[in-house]
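To start, the structure under review is shown below, and the notes come after it.
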Amino acid sequence: MLVLGIESSCDECSFAVVENGRKIISHVIATQIEDHKPYNGVVPEIASRRHVEMITPVYRQTMELAAEQGVKPSDIQGIGVTTHPGLSGSLVVGLNYAKALSYAWNVPYVGVNHILAHLYAPQLEQEIPYPYLGLLVSGGHTMITLVKGYQDIQVLGASIDDACGEAFDKVAKHYGLGYPGGKLIDDLAMQGNDRAFAFPFANLHKGGHRYDVSYSGLKNAVINQLDTFWDGKSEKSVENICASFQRVAITSLLKKLYRAVEDTGITTIVAGGGVAANSYLRKSLEEHPDYQVYFPGMELCTDNGAMIAGIAYHYLKEGNVSGLDAGVSPRVKG
Ligand code: KG4
Ligand code: ZN
């Protein structure tokens, strides 16, 4: 079954044609980073307007690439589209496109959960047996999950305040490094001493926070209380600040993930979301000889249409379809 996937939940406009939930026939991701750069973050109103402008060219390009692989629009048997969570004004652009194509082509469409799609993404590269622990870290989400099936996911822990990528972006903004900040901090951190500042680890253990993380205290320490945590001798360079921040940001996440491994006995870990590109995170996880760690390629880590088409295939195969009256939601639960 050939499925067209549509993703427009934030600042990426993406389409893909995927066969049987695994084989990517064509895939186009158009990012709006340049539009949001002047504001150091995604501006919802700009995002939705840009989606309106971009969606048809991105769709056409995806279908042109599919045509090169011998796939015509009439070969598409179903459509998947992100309906939640995300920015409502952006989601609605993708959803209406899906409804229009579904009506015009007379094929079913299904609205899918963006989080479940991220955790499905590595399955597009290779078959990973369930269950696994899913680590989803992006500009909007920070979650440790127990993944038992494509739609059977238990959230074990999450950030109680800022998302991990958001903390990277806010620190980068404060130090005037640019946007998005994650990659810029990651690169600068490579030249820094990660012990120059002993930034604080959030102490969340009790009261149901066994797997939760928090980034607001760390972010505040890096931005407003630099001297408090300085070792008194290292240079107060941006490289040292980035390296020290990154070590605490990623280690606090890994501590909770390792706790989940211990508690569940599950040693297969699948990472997703933009922060999964972080070199410190990758190196730390890959150093574990007893863990099977899967990092999807960058194109599948970030927001993309292929993961939407991939997971939608499973819903459509089971006859799980959406109606023309379906809506969008900013919430994880839809
Ligand atoms: O998944 P994504 O592309 O978009 C959403 O947030 O949905 O993730 C973007 C986030 C940004 O916050 C960006 O700063 C962060 O991922 N990021 C990184 C790295 N590359 C991207 N964070 C840390 N290290 C990186 N190498
Ligand atoms: Zn995402």
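The values are calculated or read from the model by the stated rules, or taken from the named source; none is laboratory data. Remember, predicted model here, so these are calculated numbers, not experimental data. Here the Cβ is made from the backbone with ideal geometry for all residues, glycine too, and neighbour counts use every protein chain on show.
Structure summary
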quantity	calculated
Qualifying residues in the stretch 1-42 (those that are of a type in the set (A, V, I, L, M, F, W, C) and at pLDDT below 95) - the one farthest from S88 (Cα to Cα)	I33
Those residues of the stretch 163-177 which are out of contact with any Gly (no Cβ under 7 Å at 6 or more places or on another chain) and within 10 Å of ligand 1 (Cβ to nearest atom), in sequence order	C164, A167, K170
Residues (part of a helix (DSSP H, G or I) and β-branched (V, I, T)) located in the stretch 256-313	V261, T264, V275, I308, I311
Options V28, V17, V52: the member that is away from ligand 1 (no atom under 15 Å from the Cβ) and either assigned by TED's automatic domain parsing to the domain that holds F168 or over 27 Å from G165 (Cβ atoms) (or both)	V17
In the stretch 1-57, the residues that are within 16 Å of ligand 2 (Cβ to nearest atom) and not in a strand (DSSP E or B)	S8, S9, C10, D11, Q32, I33, H36, G41, V42, P44, A47, H51
Filtered residues of the stretch 106-130 (kept if more than 16 Å from ligand 2 (Cβ to nearest atom) and touching a Pro at 6+ places or on another chain (Cβ under 7 Å))	E125, I128
Test for S159: is it of a type outside the set (A, V, I, L, M), under 30 Å from V110 (Cβ atoms), surrounded by 18 or more Cβ atoms within 10 Å (Cβ to Cβ) and touching a residue at least 60 places away in the same chain (Cβ under 8 Å)	no
Residues (within 16 Å of ligand 1 (Cβ to nearest atom) and touching a Leu at 6+ places or on another chain (Cβ under 8 Å)) located in the stretch 129-140	G134, L135, L136, V137
Number of positions in the stretch 68-87 that are exposed (fewer than 14 other Cβ atoms within 10 Å of the Cβ) and among the small types (G, A, S)	2
Qualifying residue in the stretch 257-270 (condition: of a type in the set (K, R) and in the same structural domain as G178 (by TED's automatic domain parsing))	yes
Some residue of the stretch 165-174 being modelled with pLDDT of 95 or more, at positive phi and small (G, A, S)	no
Looking only at the stretch 293-334, and only at residues there that are basic (K, R) and under 17 Å from the mean Cα position of the chain (by Cα), the one that is nearest to ligand 2 (Cβ to nearest atom)	R331
The stretch 182-218, residues that are touching a residue at least 60 places away in the same chain (Cβ under 8 Å) and near ligand 1 (Cβ under 10 Å from one of its atoms)	G182, K183, I185, D186, A189
Selection count, the stretch 267-292, where residues are buried (at least 18 other Cβ atoms within 10 Å of the Cβ) and either more than 16 Å from ligand 2 (Cβ to nearest atom) or of a type outside the set (S, T, N, Q) (or both)	13
Filtered residues of the stretch 113-128 (kept if more than 16 Å from ligand 1 (Cβ to nearest atom) and either in a strand (DSSP E or B) or surrounded by 21 or more Cβ atoms within 10 Å (Cβ to Cβ) (or both))	Q123
Count of residues meeting criterion [more than 15 Å from ligand 2 (Cβ to nearest atom) and either at pLDDT below 95 or crowded, with 20+ Cβ neighbours inside 10 Å (or both)] in the stretch 131-147	4
Some residue of the stretch 141-159 being within 10 Å of ligand 1 (Cβ to nearest atom), assigned by TED's automatic domain parsing to the domain that holds A276, of a type in the set (A, V, I, L, M) and within 17 Å of I269 (Cα to Cα)	no
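Results for (1) in contact (Cβ under 8 Å) with a residue 24 or more places away in the chain; (2) assigned to a strand (DSSP E or B), shown as yes or no for each residue.
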position: G70; (1), (2): no, no
position: V81; (1), (2): yes, yes
position: S90; (1), (2): yes, no
position: V93; (1), (2): yes, no
position: A98; (1), (2): yes, no
position: A104; (1), (2): no, no
position: V107; (1), (2): yes, no
position: G111; (1), (2): yes, yes
